[in-house]
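The values are calculated or read from the model by the stated rules, or taken from the named source; none is laboratory data. The structure displayed is predicted, hence computed values, not measured ones. Cβ placement follows ideal geometry from the backbone for every residue including glycine, while neighbour counts extend to all protein chains displayed.
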Protein chains: 2
Amino acid sequence: MAKAKRTLKWQRDPEGMRLRILEAAKQEFSAHGLAGARVDRIAAKAGANKRMLYYHVGNKDELYLAVLEGAYDKIRSEERGLDLEHLDPPEAIRRLIEFTWNYFLRNPEFLSLLQTENLARAKHLKRSTKVKSMHSPFVEMIRTVVRRGVESGDFQVAVDPVQLYISIAGLCFFYLSNSATLSVIFGRDLLAKDAKDERLAHMAGLVLAALTGRSEELLKIVKAPKSRAAVAQTV
Amino acid sequence: MAKAKRTLKWQRDPEGMRLRILEAAKQEFSAHGLAGARVDRIAAKAGANKRMLYYHVGNKDELYLAVLEGAYDKIRSEERGLDLEHLDPPEAIRRLIEFTWNYFLRNPEFLSLLQTENLARAKHLKRSTKVKSMHSPFVEMIRTVVRRGVESGDFQVAVDPVQLYISIAGLCFFYLSNSATLSVIFGRDLLAKDAKDERLAHMAGLVLAALTGRSEELLKIVKAPKSRAAVAQTV
DNA sequence: ACAGTATTTATCCAACGGGTTAATTTCTCC
DNA sequence: GGAGAAATTAACCCGTTGGATAAATACTGT
């Protein structure tokens, strides 16, 4: 309180430091991959000395794993916040797709980290008992929604929830994580607002059309208040 | 011919050497990414001296781009070999999915290279006029097939061929390129024969159900002569 | 105020890694 | 059979990088 606040060479803040290190590491690993990441850059970005990384977290590999676990922890936690109970089945599936899409959009580092880890054939993830125990609630959510949909007559078939989960993730993931190369190949910016709206509409339409048997879903615009995205071209 | 075949310290074979270098580089880059790849390892794997890489191809970046261009060249060439003209539309789409799936399965390095390049936000690909001009024939093939399908009544809607192309690629790509992390998370081997069969069936079913409006497609087994893959679970 | 501990800094280093230089060997063509 | 070009090798260069050491600084309890 009254203690003189004389200018210190540095402030002590172990928790804050640890968080800043992990955040900086997330940036660095997602931007450059594991091998491309530079420990010095992480330190600099965290406003810390390089030695701090080793003091607070561990060596490069442990740092990377900590970042990865944090990323999984975050998405699982947000996933649990999605309540589909009170929605009718088609709307529930739509929400699920929208959530996945928006989460990936809002957290591009998560996509990069996944790519990096898969490039390493999940070598690090395998060592993480923590992540192994963090099951996505989505599989069970999908199972429930699909069951309700079949019972209500909205859905025609009881599709395997794991397959559907992977499909939804895949439709979103591929477009976003590969948007750079795809944009080059198609010669247009796939991350432009219109392109993203069009994509979301297509994905929701595809899945819902398959489940409901009403192909018209494929032509509907999901949520495009003003943008007149061309979802389907004229034949 | 009659020339004495005295033991030489090395043989001359510029073309073969170049190919061996590119093949070794493909292995290395796909296994370790760009930053993780080691020039020395590439040289060793190619049975060459490190200096040869620079002599025949260029520095690490040029080597990487050459590999990437080669990979695109190869898939485009195989894609062109797919003839869908004489097939009825649903079967044509099925073939398209099967081809994509099998190509990715047979060429895992292609998936890795794509991941690596996207991690680099297509920095290298953008410099390649070569790749930019190599358009996939699939988009036009899909456009034609969809048009035929709508005309014949097989398909209910004229979906955008670009979106469908990305969706098919995405369904296959995500499962395979992320099989490592997904396998850890689900606690089972997604690359096991049964799992792969089940996945192919699901993907084809999903897309065809959406296009035809016949959701039962989602339950069909595509090509599972003996494997009794459970495509859908009981409700 | 003092001792002991937790946190942070400054500096160093051995290994590594991409790239280069220069010499050596094979080929080709006259 | 020899000159010049092409292909290949061996050895080295030098900035970078992950990690380590040791000292300095702040905090805590007594």
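Descriptive notes on the structure:
- Under the condition of being over 16 Å from A:Glu117 (Cβ atoms) and either of a type in the set (Lys, Arg) or in contact with a Leu (Cβ under 7 Å, 6 or more places away or on another chain) (or both), the residues counted in the stretch B:179-206 number 7.
- In the stretch A:158-190, the residues that are in a loop (DSSP other than H, G, I, E, B) and over 16 Å from the mean Cα position of the chain (by Cα): A:Ala158, A:Val159, A:Asp160, A:Gly187, A:Arg188, A:Asp189, A:Leu190
- Remark: pairs (first residue in the stretch A:57-73, within 14 Å of A:Ala46 (Cβ to Cβ); second residue assigned to a helix (DSSP H, G or I) and small (Gly, Ala, Ser); Cβ separation under 8 Å; 6+ apart in sequence or on different chains) = A:Val57/A:Ala25; A:Val57/A:Ala66; A:Leu63/A:Ala25; A:Ala66/A:Ala25; A:Val67/A:Ala25.
- Checked against the criterion of being closer than 19 Å to A:Phe110 by Cβ and within 14 Å of DNA strand C (Cβ to nearest atom), the stretch A:58-65 has no qualifying residue.
- Scanning the stretch B:88-130 for residues that are without any contact (Cβ under 8 Å) to a residue 24 or more places away in the chain and more than 12 Å from chain A (Cβ to nearest Cβ) yields a count of 5.
- One residue from A:Ser133, A:Ser177, A:Ser215 being of a type in the set (S, T, N, Q) and at pLDDT 95 or above: A:Ser177
- Residues that are within 17 Å of B:Asn107 (Cβ to Cβ) and more than 7 Å from chain A (Cβ to nearest Cβ), drawn from the stretch B:146-198: B:Ile168, B:Cys172, B:Leu176, B:Ser179, B:Leu191, B:Lys196
- For the stretch A:58-75, a residue qualifies if it is of a type in the set (Asp, Glu) and within 14 Å of chain B (Cβ to nearest Cβ), and the qualifying residues are A:Asp61, A:Glu69, A:Asp73.
- The residue of the stretch B:22-57 that is farthest from DNA strand C (Cβ to nearest atom), among those that are charged (D, E, K, R) and away from chain A (no Cβ under 14 Å), is B:Glu23.
- For the stretch B:131-158, a residue qualifies if it is surrounded by 19 or more Cβ atoms within 10 Å (Cβ to Cβ) and in contact (Cβ under 8 Å) with a residue 40 or more places away in the chain, and the qualifying residues are B:Val131, B:Phe138, B:Met141, B:Ile142, B:Val145, B:Val146, B:Gly149, B:Asp154, B:Phe155, B:Gln156, B:Val157.
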